[in-house]
Amino acid sequence: MNLTRDRVVSPILFAIASFSIAALFVIGVFIFVEGLPVMLRVGVWKFIGSSEWLPLEGKFGILAMIVGSIAVAVGTLVVAVPLGVGCAVYLSEFASKRAVAIIKPSIELLFAIPSVVYGFIGVLFIVPFMREHFGGDGHGFNIVTASFVLGIMVLPVIVGISVDALQAVPKVYRDGSLALGATQWQTTTMVTLKAARSGILAGVILGMANAIGETMAVIMVVGNAVVMPNSPLDSVRTLTSNIALEMGYATGDHRQALFATGVVLLVMIMILNTLTRYVTRKRVARR
């Protein structure tokens, strides 16, 4: 009976897995087919190396948006990594079971909040604060504001993966350090964190990928100016924001250029995911 059940279930699971791969393949092919022609006409290096985005004049350069996306992602990590890793260390090494039972589910619930809510909160509170205290060309709609909003949004990713990495460190490492006379804090910083650094780095990379791929919250707080940023207080436009803002009315080469923007975005996300897999495999190999 069990053998018959396995023979039935195995092909079904294989079909489900194959469907996921096929869906990813179809999406990738569609984006490349739609986006590559205009990239080849304009020139790949001119497309990604120019900052002139004037669709009505046939000028399609996305360098400013690439820089804007990277700037927002880096700013997000500046906010999220200390908070996320610090929270993970507390939950894994110092918190009581009762505190873990309250804090960890609360952080995981951040996933359930729609991104538009984060953006709305940013517009109501962070933007006026930035405008009043720091000014800048973006009048509060800038890289720093977007970084704070996204920093909170990606916390569940960094905290969750970092906690798993810390808890995967063998207990004998901690016991050996404590037996040699180290304090709990010294054991955490010199032993546990070093042993878990690959897993923590994987969480950080995934958090950066999430920040680059976020759209709605970024549109609401980043200002969406197609310019090269000179300061963290400048407005920028990210790759995802550009697609979302202009796809509704784009036609012809303009529409294809937005798909080409999606190609660049897809390549960036693939590179980050590949780095994550490499770091994770490196950690497994060390064990």
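The conditions are (1) of a type outside the set (D, E, K, R); (2) touching a Gly at 6+ places or on another chain (Cβ under 9 Å); (3) farther than 19 Å from residue 77 by Cβ; (4) surrounded by 21 or more Cβ atoms within 10 Å (Cβ to Cβ), and residue 243 fails exactly one of them. Which is it? Status for residue 243: all satisfied but (4). Does residue 148 satisfy the criteria of being in a helix (DSSP H, G or I), among the hydrophobic types (A, V, I, L, M, F, W, C) and at pLDDT 90 or above? In short, yes. If you filter segment 246-261 down to residues that are touching a helix residue (DSSP H, G or I) at 6+ places or on another chain (Cβ under 7 Å) and farther than 14 Å from residue 33 by Cα, you find that the one that is surrounded by the fewest Cβ atoms within 10 Å (Cβ to Cβ) is 247. In the set (1) on the phi < 0 side of the Ramachandran plot; (2) modelled with pLDDT under 90, residue 47 fails one condition alone, (2). The set of residues in segment 115-133 being surrounded by 15 or more Cβ atoms within 10 Å (Cβ to Cβ) and either farther than 15 Å from residue 216 by Cα or touching a residue at least 60 places away in the same chain (Cβ under 8 Å) (or both) consists of 115, 118, 119, 120, 122, 123, 126, 127, 130, 131. For residue 112, the conditions (1) at pLDDT below 90; (2) surrounded by fewer than 21 Cβ atoms within 10 Å (Cβ to Cβ); (3) under 29 Å from residue 226 (Cα atoms) all hold with the exception of (3). Among the candidates 86, 28, 58, 68, the residue that is surrounded by fewer than 16 Cβ atoms within 10 Å (Cβ to Cβ) and modelled with pLDDT of 90 or more is uniquely 86. Do we find a residue being part of a helix (DSSP H, G or I), modelled with pLDDT under 90 and under 21 Å from residue 238 (Cβ atoms) anywhere in segment 2-23? Scanning segment 2-23, I find no residue that is part of a helix (DSSP H, G or I), modelled with pLDDT under 90 and under 21 Å from residue 238 (Cβ atoms), so the answer is no. Would you mind stating whether residue 163 is under 26 Å from the mean Cα position of the chain (by Cα), over 30 Å from residue 237 (Cα atoms) and of a type in the set (A, V, I, L, M, F, W, C)? It is true that residue 163 is under 26 Å from the mean Cα position of the chain (by Cα), over 30 Å from residue 237 (Cα atoms) and of a type in the set (A, V, I, L, M, F, W, C).
The values are calculated or read from the model by the stated rules, or taken from the named source; none is laboratory data. Computed from a predicted structure; not experimentally measured. Cβ atoms come from the backbone with ideal geometry, glycine included; neighbour counts cover every protein chain shown.
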